[in-house]
Amino acid sequence: MTTTNSDRFTALLRSADGAYRPEGIYDNQKTRTLSLLAIAHGLAALRPPADAPSSPAVAIAARTAVVRGELARADAQAGTALGWTGTAAAVVLALSAIGARGLSVSAHITLWTGAALVAGAVWVLLSAVSPTIPRRGGVGFVLDAEDTPEELLARLSAPVEQTDRDAAVELIYLSRLAKRKFYRIRLANRLMRLALPLLVATLPLNLI
């Protein structure tokens, strides 16, 4: 039996055991390695051998593997960014606790502007890693959880066309989820880049 690229990246994802989990618990180093491998195998599967029959299911599975790898990478980046924003928040608390009474008016304005930006970055990052579970419908285990045993068996034994459509729906859903995560990470990054200079500027302003 010939092992295809699709088989290889599917086996990789099954063995990852944590590369992507919607509940948001990750081992960052393991996640980065496995997500990069999944992306590589997914990209390789996008180009099947010349003699292989054309099938949308293969292409959809390959793209889904790539997106799952990107989701894992996004969550790892968000986790790292949360660590940095936590450090910045600790700096804000220290500055406000140690020298709150001695700060000048300009220093107070600068400090609390930076604090507001840090708080905004934390909120955006938390929304990026927060599990997304729709109230109705969904894909994967969310959809399975809503089914009765009979409905699940009927869906699993559906014609190939319906199965391909379900896989396409899952791909679109995961792609949109990954896009939202990266948008939020980028927004949080911009907020922190605005906040850090303000927090650094608070120190000399305290001497005014």
Output the qualifying pairs, or none if there are none: Cβ atoms under 6 angstrom, residues six or more apart or on different chains, first residue in the stretch 69-98 and touching a residue at least 40 places away in the same chain (Cβ under 8 Å) and small (Gly, Ala, Ser), second residue surrounded by 15 or more Cβ atoms within 10 Å (Cβ to Cβ) and outside any helix (DSSP H, G or I).
Ala72/Ala19; Ala72/Tyr20
Inspect the stretch 76-99 for any residue being within 28 Å of Leu196 (Cα to Cα), touching a Lys or Arg at 6+ places or on another chain (Cβ under 6 Å) and surrounded by 15 or more Cβ atoms within 10 Å (Cβ to Cβ) and give the result as yes or no.
yes
Do we have any residue at all in the stretch 123-141 that's assigned to a loop (DSSP other than H, G, I, E, B), of a type in the set (Gly, Ala, Ser) and farther than 24 Å from Arg73 by Cβ?
yes
Looking only at the stretch 102-112, how many residues end up being exposed (fewer than 15 other Cβ atoms within 10 Å of the Cβ) and among the polar types (S, T, N, Q)?
2
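Residues are listed down the side, and each one gets a yes or a no for (1) surrounded by 15 or more Cβ atoms within 10 Å (Cβ to Cβ); (2) farther than 30 Å from Ala59 by Cα; (3) touching a residue at least 24 places away in the same chain (Cβ under 8 Å):
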| site | (1), (2), (3) |
| --- | --- |
| Gly114 | yes, yes, yes |
| Val118 | yes, yes, yes |
| Ala121 | yes, yes, yes |
| Arg155 | no, no, no |
| Ala158 | no, no, no |
| Ala167 | yes, no, yes |
For the stretch 159-175, does any single residue satisfy the condition of being outside any helix (DSSP H, G or I), more than 19 Å from Gly69 (Cα to Cα) and over 27 Å from the mean Cα position of the chain (by Cα)?
yes
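Only the coordinates and a few stated rules stand behind these numbers; no lab work does. Just so it is clear, the model here is predicted, and its values are computed rather than measured. Using ideal geometry, Cβ is built from the backbone for each residue, glycine included, and neighbour counts are taken over all protein chains shown.
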